[in-house]
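Every read-out reported here was derived from the displayed coordinates using simple, explicitly stated rules and does not represent laboratory data. Here the structure is a predicted model, which means the values were calculated and not measured. We place every Cβ from the backbone using ideal geometry, glycine too, and count neighbours over all the protein chains shown.
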């Protein structure tokens, strides 16, 4: 009897080990392409363009190559600055518009809050391709093609529904009793917001803003259609490192690493809260 | 004199005073309503102007014959663009690619994501670290994902897969040229599995532990627990994953652009619209008609999706 249980426990422990090991293997497998990209960025072109090798003399020269300026071509600094300002301003605009809206949907809800929320989400169901041609025409007629402004406006519109959706779920977590207590204590709207609501939703605000940053930073479709020249962003800069002449693998890897790093770091930091805002907002 | 008695007469009877109060209350209520609505309006107006109005224009363009380059006057042709689409082999190819790409990428990433979520929903050494590794593909810029897979994983000369195949004696395969659609689907699955995993993981962690305990005490097998308790509990999460995944994946553009650059085997409708218009075709009338087809397909998906969402929001009322 006792040896039987011992066997079962032993078997269980073995299965548990194996499953843990499998999780590690899957994790490493999924991460491998990124690891490989980072590794190739530190190689000489000749090493990157040969059969895969793990050991080599690491060099920073490719990073120097991709960040050096070539007159007439989109440079790293320019693309980074464009992306930085477009992402920053559009995210600020999203938050300015979305915070009051989410407040109206969660804390002092309008009567048809469900319909309004549906409307916001339903705009995400309409594929952007259905709007791109009119947007192009309007942008051209307003002289906005190839400007940062057009991308700022469109990225704001792109992220707004998602931000409203997420922020609403964070606002819903504010206990109503706390707000009522503040009201009884005579706190005005401003007092309720600063002393009760904001401290609770602040981490949620940060996570939402971060998600907007990630989506805007990575956006390529609108950038390539409306803004392929002057206000070009990081994704366009990455693709400009693909050349039809000569080897480019190591350089492309360095450029890709530079373009990916900010957002990956941000995502790692905020992963748990972002998920809660996205998933738990819908299902509670 | 009496028939023009004003409402606000000071010597009015109790009836009028009640009416007066009611009026005042209505006025306050209306004000209160607008105060509640006000914070919502900027976001609502902005969204309507930027995202809804262009669709109306698209609809109008789709009924016209209109080329931008060389500039031709816009002429109204009714539904001719749409009937032309039926005969357009390239468009039919693109529609098929759209269907296969979206369906297979959503399905595969959902299955893989669920499997991985189950693996991660147990205590093991380095759990948080492995989760971090696993979400990274979703954070990577789609353009970068496409380029890395194309040039460093799939490539017949320098790719890792072919290097492994060579080790076991299989000749080089130029994956992207031979299997353009499936190469893209693999990259999409790689990027979306982490997303599905995270949603399912949120579901698994919200499972009532007492029910699981009770089932175990009653001697239920792991398999029975999974199929009879876990899976039904996961249903809304699976639906949410499918919904969000399809919305985004029906619009894939970046990976196609950098992996194959389009072509009958790998252009979906959004990419084909781009090729026929801003990407060099400049036929805005016909391209608009195609984009309307994507919109209609999405509305069908959205209707299914919204039904799911309304189920999710059911019973949740903050008022």
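What the table shows:
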| quantity | calculated |
| --- | --- |
| Rh by Kirkwood over Cα pairs, then Stokes-Einstein D for region A:188-244 at 1.567 mPa s and 4 °C, µm²/s | 91 µm²/s |
| Listed peptides A:192-203, B:22-33, A:41-52, A:80-91 by packing density, highest first (mean Cβ within 10 Å) | A:80-91, A:41-52, A:192-203, B:22-33 |
| Cα pair distances exceeding 27 angstrom across chain A, given as percent | 57 percent |
| Cα pair count fraction exceeding 14 Å, expressed as % - region A:2-61 | 68 percent |
| Exercise: per-residue mean of other protein chain Cβ atoms within 10 Å, B:248-259 | 3 |
| Chain A - percent relative contact order, Cα under 8 Å, separation 6 or more | 30 percent |
| At 1.306 mPa s and 10 °C, Stokes D of chain B from Kirkwood alpha-carbon radius, µm² per second | 64 µm²/s |
| Among B:270, B:42, B:142, residue whose mean-square fluctuation peaks in a GNM of chain B (springs only between Cα atoms under 10 Å) | B:42 |
| Principal axis box of the protein assembly as shown, alpha-carbon based, largest edge first, Å | 108, 88, 48 |
| Chain B: relative contact order in percent, alpha carbon pairs under 8 Å with at least 6 residues between | 27 percent |
| Chain B: calculated mean residue ellipticity at 222 nm from DSSP helix runs of at least 4, using -39500 (n - 2.57) | -21500 deg cm²/dmol |
| Choice from B:65, B:210, B:80 showing the highest fluctuation, given a GNM over chain B with Cα pairs closer than 10 Å | B:210 |
| Relative contact order of region B:42-123, pairs being alpha-carbon contacts under 8 Å that are 6 or more residues apart, as % | 15 percent |
| Normalised alpha carbon radius of gyration of region B:183-284 [divisor 2.2 N^0.38 Å] | 1.62 |
| Calculated [θ] (222 nm, deg cm²/dmol) that DSSP helices of n ≥ 4 give over chain A, each run adding -39,500 (n - 2.57) | -23500 deg cm²/dmol |
| Gaussian network model of chain A, Cα within-10 Å springs - most flexible of A:255, A:139, A:209 | A:139 |
| Proxy reagent accessibility, fewest Cβ within 10 Å first, across B:67, A:251, A:112, B:123 | B:123, A:112, B:67, A:251 |
